[in-house]
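A quick write-up on the structure given underneath.
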Amino acid sequence: MTKIGTITHIKETLKKHNIKIKKKFGQNFLTDLNILKKIAHLPDVTDKSLIIEIGPGLGGLTKQLLDTGATVLGYEIDNDLVPILKETFKADAFSLIHGDFLERNIDQDVKALNKEFDKVVVVANLPYYITTPIVFKILEESSIIKETYMMMQLEVAKRFTGKPSTKDYNALSVTIQYKTDTNIAMTVPKTVFIPQPRVDSAVIQMIIRENKKHTPNNENIFFKILKSSFRQRRKTLANNLSNTLNLDKSAIKEHLQNLGLKPNIRAEKLSVKDFVHLSDELEHLIS
Ligand code: SAM
């Protein structure tokens, strides 16, 4: 028997079942056992924990996740892969949902397992074409997932973790960092995937904040201002806000000065905390 997670295992399994790798489902399988082990050991889990895996594929990562002793709940969309996964992993600690992760009620699926867990984390080599919707679904819909470790394209990981005044910093960076503590846990070269993607990848760790460090009075206004602030990167913050929110430019400049910010500042200079203060300062002007 070849080892699950090796290139030989992937090729043999595809041949045996007469199936092809499907680009439409973002299938890039990991082929390096050391990397698979390293990813599986990123979260601190025990046999009382639950790991949710989005897209187990042919089970390379699933095998390592089960070896940690945790229970694993997988979501797989591909009809061809579901019977293979069921055949490969028969342990009680493994459950598989055949379906589109984006369409599921995650917290209900976890409750349906009828087990108590000390923590629920996500570990996944994501289908890249839906990275952002998956991340937002977890952040917005689940109240039980506290940590995630997700492989994504390095460029996207850099945006998630981008710091002010860098080229990777944008509205997405602020949103993610407002909701989570995020950092790049490891980078992964494109050469360890089959098929090989065009770019390198990274696993990012996101610890979801129960109590946010900085909280605006009105979250809707905070996000409205954030989106408008980065509308045109070359323009100043005051220009972007006055154009998109129909506000008086000189009034905005005055408010920026009240916050100790330069009137001609650009959005990329503002920290999450600055955006929270800006939201509270402009709240009365925005309906
Ligand atoms: N975990 C495997 C590995 O690391 O080798 C496969 C990772 S591959 C990048 C992404 C997996 O997600 C594929 O198995 C694909 O079929 C599955 N997938 C794609 N879209 C999905 C969705 N919306 N819901 C659930 N699974 C999905």
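Test Ser142 against the stated conditions and say whether it is of a type in the set (Gly, Ala, Ser), under 25 Å from Val174 (Cβ atoms) and either touching a residue at least 60 places away in the same chain (Cβ under 8 Å) or surrounded by 12 or more Cβ atoms within 10 Å (Cβ to Cβ) (or both).
Details: of a type in the set (Gly, Ala, Ser): yes; under 25 Å from Val174 (Cβ atoms): yes; either touching a residue at least 60 places away in the same chain (Cβ under 8 Å) or surrounded by 12 or more Cβ atoms within 10 Å (Cβ to Cβ) (or both): yes.
Yes; evaluated as a whole, the condition is true for this residue.
The set of residues in segment 60-79 being in a loop (DSSP other than H, G, I, E, B), open to solvent by less than 10 Å² (accessible area, probe 1.4 Å) and under 22 Å from Ile145 (Cβ atoms) consists of Ala70 alone. Scanning segment 100-116 for residues that are exposed (fewer than 13 other Cβ atoms within 10 Å of the Cβ), within 11 Å of the ligand (Cβ to nearest atom) and either in a loop (DSSP other than H, G, I, E, B) or more than 19 Å from the chain's Cα centre (by Cα) (or both) returns a single hit, Asp100.
Do we find a residue being part of a loop (DSSP other than H, G, I, E, B), at pLDDT 95 or above, under 21 Å from the mean Cα position of the chain (by Cα) and of a type in the set (Gly, Ala, Ser) anywhere in segment 80-99? There is at least one residue in segment 80-99 that is part of a loop (DSSP other than H, G, I, E, B), at pLDDT 95 or above, under 21 Å from the mean Cα position of the chain (by Cα) and of a type in the set (Gly, Ala, Ser).
Within the bounds of segment 103-111, is there any residue that is on the phi > 0 side of the Ramachandran plot and in the same structural domain as Lys16 (by TED's automatic domain parsing)? Scanning segment 103-111 turns up no residue that is on the phi > 0 side of the Ramachandran plot and in the same structural domain as Lys16 (by TED's automatic domain parsing).
In segment 28-46, which residue that is surrounded by fewer than 20 Cβ atoms within 10 Å (Cβ to Cβ) and either in contact (Cβ under 8 Å) with a residue 12 or more places away in the chain or outside the structural domain of Ile204 (by TED's automatic domain parsing) (or both) is nearest to Pro127 (Cα to Cα)?
Quick first cut of segment 28-46, residues surrounded by fewer than 20 Cβ atoms within 10 Å (Cβ to Cβ) only: 32-34, 37-38, 41-42, 44, 46.
Adding the requirement that they be either in contact (Cβ under 8 Å) with a residue 12 or more places away in the chain or outside the structural domain of Ile204 (by TED's automatic domain parsing) (or both) leaves 32-33, 37-38, 41-42, 46.
On the way: Asp32: 18, Leu33: 19, Lys37: 19, Lys38: 19, His41: 21, Leu42: 20, Thr46: 27 Å.
Among them, the one singled out is Asp32.
The values are calculated or read from the model by the stated rules, or taken from the named source; none is laboratory data. As the structure is a prediction and not an experimental result, all values here were calculated from the model. When we count neighbours, we look across all protein chains shown, and the Cβ atoms used for this are built from the backbone with ideal geometry, even at glycine. What goes into the accessible areas is simple: the full protein's heavy atoms, side chains included, and nothing from ligands, DNA or RNA. Shrake-Rupley method; radii C 1.70, N 1.55, O 1.52, S 1.80 Å.
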